[in-house]
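Novice: Sharing a structure, written as structure tokens. Questions coming.
The values are calculated or read from the model by the stated rules, or taken from the named source; none is laboratory data. Here the structure is a predicted model, which is why all the values come from computation and not from measurement. Using ideal geometry, Cβ is built from the backbone for each residue, glycine included, and neighbour counts are taken over all protein chains shown.
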Amino acid sequence: MKGILYILVGILLLNVFKVSGEDHVKVLYDNSIRTLNSDPDSSFYYAEQLLSYSTKEKSVYGQVNANFILGWLVDKKRNNPGRAMIYYFEGIRASKNSEDPEILKLRVYLMGNMGTIFTEFNDPERAIKYYQDAFDLAFRIGFTIEQIKNLTWIGKVYHNMKEYDNAIEFYNQANEINLSYGNKKWELSIRNSKGWTLLEAGRYEEALHAYETNLKQVERYGDDFYIYKFYAINNIGEVYHFKGEYDMAIQKYKEVIQLKEEKKGFKEKNQESYFNSIYELAGVYRDKGDTDMAIEAYQRAEEFSETLYNQTQTKFFEPLINLANLYEEKEEYVLANFYRKKYSEKLDAHLARMREIEQVDKKYNLELILARYNTLVAQQERNEKIEYYGAVTAIGFIILIVLILLYNAYQRYRLRRELERSINAIEEKSHQTV
């Protein structure tokens, strides 16, 4: 009902003020942005209207913005990255010949979002290409914050590929630009990402230094950056866990869990973060050999994970198999079988869901999406050429007809002049005879 009211009000405003041209584009754009988070369905409606009108009126600004909004909505609100990719592609295509500063910025965003989608589709080569293209354009137009972001994202792609040296190189490049730019959030974010890469590369002391530096910086920058304090303490616990210093790891995990509980509203709004810290603490107890404390922590994680459970991620039901194994070690087989059965049920549901996605949900087949899109674009370009040559032919035909008419008019004029001269000659002879 709320969405319908938004749409009716928007239509009323359009009719009352009788806006046209670029003003009409702006009204539709403003309506879509205004409802983007509060009412995504209405925002989608306005963005579709914006795309339709802008395409008809050949407004590049409207087309690029509409495709950007529609792509963001179907990606973030409707969880359909395959469809989002098509909108982003269209936005990039619509912007390719524009040098308008605002459209160039949008093009940077579009290419960056494409990089993120290709990362989600586990296509690192294409992800890096789009992030690099976004960086190159951001560099050309002096869009510094997007230079920093895209270099960081390239670093994360290399991290996922386990090319740790390349990842660190891109983090360093991003940090170098940010030294003069001075964005505190991205300073902390880059160092946090670099620390995780150093940790996975086995460079524990360097990772520890990165996280401890972030802790000091958060103390300087204030409570607005508390999330990076949580990341740092949690990850310091992870470093100590990797190093086998279990007591220090336990201390850090307990500290961050307490901070998350004390931070008003954090646990409710960031349930996955809270779950992760408890689950990781349980893993330290397990590796230390403290079975009872491990069971207690896994039970806390398992209770909390029920609200997070979904059929596409396994980590939220992994506490169950750990509990089964630990109770089996204690020879408490009834409880071991209980948790093993629960785990098997969740795992079966997970596997069934993954088979369903693979077999039925073709929108997640990346190559199919790209093939269909390229076919669509080729057809559109063929149609545009047909329209162009048709228009050229029509204009040529009109020019030919005009030339023929002019030629005929000229011939009639010439014939008339010759007849006049002939008549005059005859009249002169008549006068001479007389």
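Novice: Of all residues in region 13-31 being under 14 Å from GLU57 (Cβ atoms) and β-branched (Val, Ile, Thr), which is modelled with the lowest pLDDT?
Specialist: So the residue we want is VAL19.
Novice: Also, I was wondering about something else. Any residue that is assigned to a helix (DSSP H, G or I), β-branched (Val, Ile, Thr), closer than 21 Å to GLU238 by Cβ and over 23 Å from the mean Cα position of the chain (by Cα) - is there at least one of those in region 209-217?
Specialist: Yes - at least one qualifying residue is present in region 209-217.
Novice: Please find, within region 90-120, the residue that is farthest from THR144 (Cα to Cα) out of those that are assigned to a helix (DSSP H, G or I) and of a type in the set (S, T, N, Q).
Specialist: Per the stated criteria, the residue is THR119.
Novice: If LYS267 satisfies all but one of (1) surrounded by 15 or more Cβ atoms within 10 Å (Cβ to Cβ); (2) in contact (Cβ under 8 Å) with a residue 12 or more places away in the chain; (3) not aliphatic (A, V, I, L, M), what's the number of the condition it fails?
Specialist: (2)
Novice: Can you run down the residue pairs with Cβ atoms below 7 Å, 6 or more apart or on separate chains, where the first is in region 337-348 and closer than 11 Å to ILE321 by Cβ and in a helix (DSSP H, G or I) and the partner is of a type in the set (Ser, Thr, Tyr) and at pLDDT 95 or above?
Specialist: Hits for this filter: TYR339/TYR327.
Novice: Within region 77-89, can one find any residue that is in contact (Cβ under 8 Å) with a residue 12 or more places away in the chain, surrounded by fewer than 22 Cβ atoms within 10 Å (Cβ to Cβ) and closer than 25 Å to ILE145 by Cβ?
Specialist: yes
Novice: Continuing with this model, one more query. How many residues are within 25 Å of SER59 (Cα to Cα), of a type outside the set (Gly, Ala, Ser) and free of Cβ contacts under 8 Å to residues at least 60 places away in the same chain if we restrict to region 90-129?
Specialist: Number satisfying all stated conditions: 19.
Novice: Under the condition of being acidic (Asp, Glu) and within 24 Å of TYR274 (Cβ to Cβ), which residue from region 302-343 is modelled with the lowest pLDDT?
Specialist: Selected residue: GLU306.
Novice: Select from region 304-336 the residues that are assigned to a helix (DSSP H, G or I), under 36 Å from the mean Cα position of the chain (by Cα) and among the charged types (D, E, K, R) and list them in ascending order.
Specialist: Once the filter is applied, which keeps residues that are assigned to a helix (DSSP H, G or I), under 36 Å from the mean Cα position of the chain (by Cα) and among the charged types (D, E, K, R), region 304-336 yields LYS315, GLU318.
Novice: Could you please find all residues in region 157-171 being within 26 Å of GLU219 (Cα to Cα) and either buried (at least 22 other Cβ atoms within 10 Å of the Cβ) or free of Cβ contacts under 8 Å to residues at least 12 places away in the same chain (or both)? Break it down stepwise before answering.
Specialist: Step one: of region 157-171, the residues within 26 Å of GLU219 (Cα to Cα) are 168, 171.
Correct list: TYR171 only.
Novice: Among the listed residues ALA249, ALA207, ALA232, identify the single one that is within 21 Å of GLN299 (Cβ to Cβ) and in contact with a Gly (Cβ under 9 Å, 6 or more places away or on another chain). Spell out how you get there, then give the answer.
Specialist: Working: ALA207 fails: within 21 Å of GLN299 (Cβ to Cβ); ALA232 fails: within 21 Å of GLN299 (Cβ to Cβ).
Answer to the selection: ALA249.
Novice: Being buried (at least 21 other Cβ atoms within 10 Å of the Cβ), part of a helix (DSSP H, G or I), in contact with a Lys or Arg (Cβ under 6 Å, 6 or more places away or on another chain) and not acidic (Asp, Glu) is the requirement here; does PHE68 meet it?
Specialist: Spelling it out, it is not the case that PHE68 is buried (at least 21 other Cβ atoms within 10 Å of the Cβ), part of a helix (DSSP H, G or I), in contact with a Lys or Arg (Cβ under 6 Å, 6 or more places away or on another chain) and not acidic (Asp, Glu).
Novice: Would you confirm whether any residue within region 141-150 is more than 16 Å from the chain's Cα centre (by Cα) and in a loop (DSSP other than H, G, I, E, B)?
Specialist: Checking region 141-150: at least one residue is more than 16 Å from the chain's Cα centre (by Cα) and in a loop (DSSP other than H, G, I, E, B).
Novice: Can I ask one more? In the list TYR164, TYR130, which residue meets the criterion of being among the aromatic types (Phe, Trp, Tyr), modelled with pLDDT of 95 or more and under 30 Å from ILE233 (Cβ atoms)?
Specialist: So the residue among TYR164, TYR130 that is among the aromatic types (Phe, Trp, Tyr), modelled with pLDDT of 95 or more and under 30 Å from ILE233 (Cβ atoms) is TYR164.
Novice: Quick test for you: out of ALA301, ALA282, ALA294, ALA232, pick the one residue that is under 28 Å from ILE168 (Cα atoms), of a type outside the set (Ser, Thr, Tyr) and in a helix (DSSP H, G or I).
Specialist: Answer to the selection: ALA232.
Novice: Hey, another quick one. Test each condition in (1) in a helix (DSSP H, G or I); (2) under 22 Å from LYS267 (Cβ atoms); (3) at pLDDT below 90 for MET354 and report the one that comes out false.
Specialist: Going through (1) in a helix (DSSP H, G or I); (2) under 22 Å from LYS267 (Cβ atoms); (3) at pLDDT below 90 one by one, MET354 breaks only (2).
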